[in-house]
Amino acid sequence: MRFATVLCALVVELVAASTSLSTSASAQGSAPAAPARRPLEGLASQTILVLPAQYVTFADSLGWSQEITSIRDYLQSVDDELTFAFRDHGLAPKWIFADAITKSAQRNVGYVSDPHALDAAQVRIGSKPDLFQLREPLASQLRSLIALNDARYVLIPVEIHFTSAHEAGRITLHAVVIDARRSQIQWMGDITSVPTPHITPVLAADVASKLADLIAPPTN
């Protein structure tokens, strides 16, 4: 699993150091090392909009692109897995998920952007955002969405990328956290699934769980 960190303004340090405590000659044993902190645990206490997944791309030799008959339906399945994983990690009710955001936008057509059709090319895989500052029209699109939900930060599952090697395929979820009020990128990372010989819902469930693990432990 590979994570590309762009900015650590909201989230705390990405690497947590274990602290050794010195003891006197009369001390019994040594104190246990401090537990490692989760890289994105600072997000757990925030109100976050988890926007719908935006893009699917293929670079695999297994023909999986032919097995996905509807890109929209596949993106919806990714949204569902992310919602389940974040709920399972105790991030509701402060976090607002794709389905609720979509319904809110539909009630305000003409005032907010379609959350399923954001102009998010500038934060796709391989992009190099300019000084962590969003350009238009994405900056305005996100501001319109947070205005309806009394939030500041958004998490965008920007892209699902299919690859393959040695007769097995996997997906990489490219996600970004943005301070939508300031139009500034806070974190950007890639989460890669386990390899499988056949396309399966396990792939989306795996990357969703791994992303949630960066923020909070499972509640069950």
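For Tyr55, Tyr111, which order do you get if you count the other beta carbons within 10 Å of each Cβ and list the fewest first? Present the calculation step by step, with values, prior to reporting the outcome.
Details: Tyr55 17, Tyr111 10.
Fewest-to-most ranking of Tyr55, Tyr111: Tyr111, Tyr55.
Can you compute the equivalent ellipsoid semi-axes for region 41-213, i.e. the square root of 5 times each eigenvalue of the Cα gyration tensor, sorted largest first and rounded to whole Å?
Computed over region 41-213, the values are 26, 17, 16 Å.
Give me the net charge for the shell around Ala98: Cβ to Cβ below 14 angstrom, other residues only, Lys and Arg +1, Asp and Glu -1.
Around Ala98, the surrounding residues sum to -3.
Taking the Cα-to-Cβ direction at Arg182 and at Ser104 and moving 7 Å from each Cα, how far apart do the two end points lie in nm?
Distance between label points: 2.1 nm.
By counting other Cβ atoms within 10 Å of each Cβ, how are Glu41, Glu136 ranked from fewest to most?
Glu136, Glu41
How much length would be gained if the chain were fully extended between Ser144 and Ala165, taking 0.36 nm per residue of separation minus their Cα-Cα distance, in nm to one decimal?
Extra length from Ser144 to Ala165 when fully extended: 3.4 nm.
Going by C-beta contacts inside 10 Å, put Lys128, Lys103 in order with the fewest on the left.
Lys128, Lys103
Values in this text are rule-based calculations from the coordinates and carry no lab data. Predicted, not measured: the structure shown is a model, and the values here were computed from it. In this analysis, Cβ positions are derived from the backbone assuming ideal geometry, glycine residues included, and neighbour counts consider all displayed protein chains.
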